[in-house]
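Data first, discussion second: the structure below is written as structure tokens.
The values are calculated or read from the model by the stated rules, or taken from the named source; none is laboratory data. Worth saying up front: this structure is predicted, and the values here are computed from it rather than measured. Positions of Cβ are backbone-derived with ideal geometry, glycine not excepted, and every protein chain shown enters the neighbour counts. Ligands, DNA and RNA are excluded from the accessible area calculation, which covers all protein heavy atoms including side chains. Shrake-Rupley method; radii C 1.70, N 1.55, O 1.52, S 1.80 Å.
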Amino acid sequence: MGFFMTIKPIRVQFKTTCQILDMSREALRHKIRTDTAFPRPIKTGDTKQAPVYFDYAELLEWHNNQKQSLAAMEA
């Protein structure tokens, strides 16, 4: 197995997070505002235009918790 195949991203851009979760930018903004369990965005600067990222591991953990919650409700 090659070195590059084992690398997982550490941080994910806002745009990429939208793509991963298959939601619009506005839907992601709404999720951030209303879902306290959703990972908090990481802003890399003080300006309004500073890039925003999410921690990849936190996104995966949130997603897995959502799946478990849905499975528990269906059981």
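Just a few scattered comments:
- Evaluating residue 65 against the criteria (1) open to solvent by less than 100 Å² (accessible area, probe 1.4 Å); (2) free of Cβ contacts under 8 Å to residues at least 12 places away in the same chain leaves one unmet condition, (2).
- Exclusive hit being under 13 Å from the mean Cα position of the chain (by Cα), among the small types (Gly, Ala, Ser) and surrounded by fewer than 13 Cβ atoms within 10 Å (Cβ to Cβ), set 71, 27: 27
- Taking the criterion of being free of Cβ contacts under 8 Å to residues at least 12 places away in the same chain and of a type in the set (Asp, Glu), the residues of region 24-55 that qualify are 26, 35, 46.
- Flag for residue 47 being surrounded by 11 or more Cβ atoms within 10 Å (Cβ to Cβ) and among the hydroxyl-bearing types (Ser, Thr, Tyr): no
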